[in-house]
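> First the structure, then my questions, so here it is.
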Amino acid sequence: MINDQRKKYSIRLTIAALIAAGAIFYYFNNTAPIYWEKGAAQIYRISGSTFIYAKNPGSASIYDRLELKGILNFRIYEIKKDIVKAGIQLYPLQVIAEGRRIESAEKLYSRLFFAEIKNNGEFIKFHFNNGIAVDDEKSIKDIITSFQFIIKKSFFSKWNTEETDRNGSYKAAYTLLSRGKINKSKIEYIEKPGDKNTSDTGGKTVIKRSELTVRFGKPWSWIKNAEGRELTVFYSKNRPLMKVSSSFSLKITDLDPDRSLAIWNDSLKPDRQIYEWKTNPKNTLSIADQAEKNMLKQKFGSKYFNIIADEVFNKYRSFNSQCIQTLMEFLKLYPHAAAMFPGYLLAKKLNPAQRVMLVHVLGRTGTEEAQEALTVIMKGEEFPVESRKQAAIAFGSIKKPISNAVDSLWQIYENRDTDANSKGIANAALLSLGSIAKNPENRNNAEYKNISEIIKNRIAADLADEDDLNTTVALLHAAGNTADESFIEPISRFLNDENPRIRTAAVTSMAYMDDEKVTKVLIDILDDESNVNVRNAVVAAMYRKLPSPEAIEKIMEMLPDEENDIVRGRMYRYLLKNREFRGVKEQLRKMLRSERVMENRRIIYNALYTNKKAGIQSNLN
């Protein structure tokens, strides 16, 4: 009897649970979708503020406050399948920076533009007037997509998405608060090839706080109102450089449309308007660029390049960042002045440091005009050899090398002869070609992908056939500069070469390869390598890579028996970087008792008693 009662009770509980689950499933799978009505015309009050704090080492902190407030006019023109095409116009609008209105920004941001939106709320495409520069387009997109929310059906009241903003791709978490009301939080940025927020750029963006609350649903298309806030921190090599705190809101109003605005013109056809915009030349000068140019015009006035160059070189006889900055600013204002640099280099009696600065300015500027000037210097036999080498090396750090520059680098490399100076310049050109093949800025560009493949194939082919010592060393370094893991095996063949210079070059080139196999190869080399320079290169290569428990243990094992002071010092620096791993500090305390070289003792003290050069921490303790 008792068992029968238990069975009945259990069955009732199961039925109740199924009914409850069905109710929940029905409710959440019928969460109010975003309502879209063709011809919908809505007017919102929009406001936002952003506070920026930036700190660069060795310079003053920067505080900046930006505010935006006004009216957002929103109109739906088309609904095709699951895509909504809407017009957006911000007018009237006030843009305020540090208490001052920026009328140029107000005028630009007030132009009509179109957005294509999935019916789940995701903005997938924007169409702007060609009179708006790309950087300003991004700023306008940021304003609009700060209110983006994406609806997904979910059995529970939560769901996750992957979305993008100006900083890259990020994960977002959504919570259903009630029917037609949700909360969105950005969780973290995702490293993806081509995004700004990748390790390739040396930086990282961390979301400290993020919250967006949205009300939506019929009879309002898209949003009824929304408000949010966000705090992000930008890091460079684990050091916080900039904090950005922002808040924003969007609230629907019952204001009458301003019929003088383009968005309310009933005869407007979006596709025709977009086509007309694209027939005009694209503006390349953003508001910020224009403001900077105006400032530089006031700084330089009507002075010619020769006068500016004479002034800075009479003032600065040794390498100086202010001298470089001044000349770079002049080139930003007058890009075509780069053509005068080669002639000035030949005509003036500049000392070696000044010649380096002149070439360095062209490399740092990187414009097409600057690259043409570098090409003239690199190929010109009348220029000092060191200047020609520096010009060749400069191409390795230019983000978008022009085709003439790449062709010239190949010519320099291919036409090398037995003259030592020519080979030195050719090897410098080869190193730059390797760096160009890696450049993450160009990984999504089909033309540069092709250039990259040509460079890597040529390096691989020459590496297999080259007999000259110096060229082989340069080829190994160039292979390393590509950071392509397909070179691990070809490079490994040189690790047993009888010449220690080649073994050192092979080890050094492996430091750029992000692969666990490389760490194992480096560990194995330490066991057998007798040459001091090669061992030093191995530890230096380990230092460049992410910490590995196996590598750290190997360094701690080899450290007591390492007789060379320099290699031992390199090992101490590696352990200083990774001192939070288990056992490192104990080993360093033991070494402190026997270490007699003062520089090495200083490194140990830093590891044990200061916060200098703290490395990536681990949970292995």
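The values are calculated or read from the model by the stated rules, or taken from the named source; none is laboratory data. Quick caveat: nothing in here was measured; it's all calculated off a predicted structure. Glycine gets a Cβ as well: all are built from the backbone with ideal geometry, and neighbour counts include every protein chain shown. To get the accessible areas, we keep the full protein, side chains included, count just its heavy atoms, and leave off ligands, DNA and RNA. Shrake-Rupley method; radii C 1.70, N 1.55, O 1.52, S 1.80 Å.
> Could you please give the count of residues in region 72-94 that are open to solvent by 20 Å² or more (accessible area, probe 1.4 Å), over 11 Å from Glu116 (Cα atoms) and either in a strand (DSSP E or B) or touching a Cys at 6+ places or on another chain (Cβ under 8 Å) (or both)?
4
> Looking at Phe395, Phe383, which one is within 30 Å of the chain's Cα centre (by Cα) and aromatic (Phe, Trp, Tyr)?
Unique residue meeting the criteria: Phe395.
> Quick one: how many residues across region 244-265 are part of a loop (DSSP other than H, G, I, E, B), among the hydrophobic types (A, V, I, L, M, F, W, C) and over 18 Å from Glu106 (Cα atoms)?
Result for region 244-265: 1.
> Does Lys278 fit the bill of being surrounded by fewer than 17 Cβ atoms within 10 Å (Cβ to Cβ), within 30 Å of Leu72 (Cα to Cα) and among the charged types (D, E, K, R)?
So Lys278 fits the description; yes.
> Against the conditions (1) open to solvent by 30 Å² or more (accessible area, probe 1.4 Å); (2) under 33 Å from the mean Cα position of the chain (by Cα); (3) within 30 Å of Arg179 (Cβ to Cβ); (4) among the hydroxyl-bearing types (Ser, Thr, Tyr), where does Ser210 fall short? Just the number, please.
(1)
> For the structure I just gave you, tell me whether Asp195 is open to solvent by less than 80 Å² (accessible area, probe 1.4 Å), acidic (Asp, Glu) and modelled with pLDDT of 90 or more.
Against the criterion (open to solvent by less than 80 Å² (accessible area, probe 1.4 Å), acidic (Asp, Glu) and modelled with pLDDT of 90 or more), Asp195 does not qualify.
> Additional query: Filter region 503-521 for residues that are more than 29 Å from the chain's Cα centre (by Cα) and more than 15 Å from Val473 (Cβ to Cβ) and give the result.
Lys520, Val521
> So in region 537-595, with the set limited to residues that are assigned to a helix (DSSP H, G or I) and among the polar types (S, T, N, Q), which one is surrounded by the fewest Cβ atoms within 10 Å (Cβ to Cβ)?
Ser594
For every residue, the table says whether it meets (1) open to solvent by 40 Å² or more (accessible area, probe 1.4 Å); (2) acidic (Asp, Glu); (3) touching a residue at least 40 places away in the same chain (Cβ under 8 Å).
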site	(1), (2), (3)
Phe114	no, no, yes
Ile143	no, no, yes
Phe149	no, no, yes
Lys152	yes, no, no
Glu163	no, yes, yes
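> Wholly within region 95-175, which strands (runs of 3 or more DSSP E) include no fewer than the required count, namely at least 2 residues that are within 26 Å of Lys208 (Cβ to Cβ)?
Those strands (runs of 3 or more DSSP E) span 158-165.
> Somewhere in region 442-453, is a residue within 18 Å of Ala392 (Cβ to Cβ) and part of a helix (DSSP H, G or I)?
Yes, the conditions are met somewhere in region 442-453.
> Assuming Leu268 fulfils every condition listed in (1) open to solvent by less than 60 Å² (accessible area, probe 1.4 Å); (2) not in a loop (DSSP other than H, G, I, E, B) apart from one, which condition is it?
So the condition that Leu268 fails would be (2).
> Looking only at residues in region 442-464 that are acidic (Asp, Glu) and modelled with pLDDT of 90 or more, which one is least open to solvent (accessible area, probe 1.4 Å)?
Asp462
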